[in-house]
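Participant: My structure is below; once you've seen it, I'll send some questions.
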Amino acid sequence: MSKLVKTLFLTIFALISIISCGQSSESNGPKAVESSNKTAKNTKEVESKLIESHSTDFSLLKEEPFTRIESNENCDAPVVMEFFAYQCPHCYTLESEAKKWKDANKGKVKFVAIPTHLGREEFGSFLIVHHASEQLGLLDKATPALFDRIHNQKKGFTSPDDAISFLVSLGANPEEAKTAIESDEKIKTSIDESFRLLSKYKISGVPTIIVNHKYQFDVTKAGGYDKVFEVVNQTLKLDSNCSD
């Protein structure tokens, strides 16, 4: 049995510091909450009009519903990245909106789901199963099933065989599922790349969205769960170094 599988429930990869599901510690104080509420109240009407008209002219807003970031990452096509954690209730709530957007934009825009366990090693097995399911071409099925497993069934993974059975239940061949779970190098490479991006963009809370490596926002900044992918659509129309 591989070393990675033996440590399925105690991931040993180097992690960056993730504060929480939702806002970072710096934004949790009373003053920050009051300021956030005031900004939301002042911009709600104008932002609503922008959303309804699908405009990309944010000059009327006192604060853009995203942060412009500098990055040297390359993208040969438009790309949307979602940083999330399966155990995060906010991420679970956003998933229904994400699925609708992904279904509507399949083949048009690359969507990259980047999971983290928020420094909670007991959820490390979910990262392994996520990346194994991606190898097997089952990620679209696995994502809602993994969210359901935590939030509704209140279950984790009791053993590597349990993880393999989960993949088989999604349609994987048993031998291929076993190989995917035990593919140390492929899974380690995927997890390392995820944490590289988490560190690079200093992600301090999830869910966080980054469009074309240039525009970053979360649920609060976007104005609500139902607004997140409207802002995604808007920022995809803005200037970008990504190819069309």
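Participant: Let me know the shape class of the range 106-204, please: from the alpha-carbon gyration tensor, a ≥ b ≥ c as square roots of the eigenvalues, rounded when a/c is under 1.5, otherwise prolate if a/b is greater than b/c, or oblate.
Facilitator: Rounded, because the longest to shortest axis ratio a/c is under 1.5.
Participant: Where does each of Asp192, Asp218 land when they are ranked from fewest to most other beta-carbon atoms within 10 angstrom?
Facilitator: Arranged by neighbour count, lowest to highest, Asp192, Asp218 become Asp192, Asp218.
Participant: Could I ask something else about it? For the range 154-244, what number of Lys pairs, 8 or more residues apart or on separate chains, have alpha-carbon atoms under 29 Å from each other?
Facilitator: 27
Participant: Another one. Quick check: residue separation of Asn152 and Ser165 times 0.36 nm, minus the Cα distance between them. What number comes out in nm?
Facilitator: Extra length from Asn152 to Ser165 when fully extended: 2.8 nm.
Participant: Under a point spin-label approximation (7 Å from Cα along Cα-to-Cβ), what is the Asp239-Asp140 distance to one decimal in nm?
Facilitator: The answer from the label model is 3.6 nm.
Participant: Which order do Thr179, Thr116, Thr67 fall in if you start with the one that has the fewest other Cβ atoms within 10 Å?
Facilitator: Sorted ascending by nearby Cβ count, the order is Thr67, Thr179, Thr116.
Participant: Between Thr179 and Asn74, what is the FRET efficiency for a Förster distance of 35 Å, r being their Cβ-Cβ separation, to the nearest 0.05?
Facilitator: Here the calculated transfer efficiency is 0.65.
Participant: Using a/c under 1.5 as the rounded threshold, could you call the range 189-244 rounded, prolate or oblate? The axes a ≥ b ≥ c are square roots of the C-alpha gyration tensor eigenvalues, and prolate needs a/b larger than b/c, oblate otherwise.
Facilitator: Oblate is the answer for the range 189-244, as a/c is 1.5 or above yet b/c matches or exceeds a/b.
Read-outs throughout are calculated quantities, based only on the coordinates presented, and are distinct from any laboratory measurement. Treat the numbers as computed from the prediction; the structure is a model and nothing was measured. All Cβ positions, glycine included, derive from the backbone under ideal geometry; neighbour counts span all protein chains shown.
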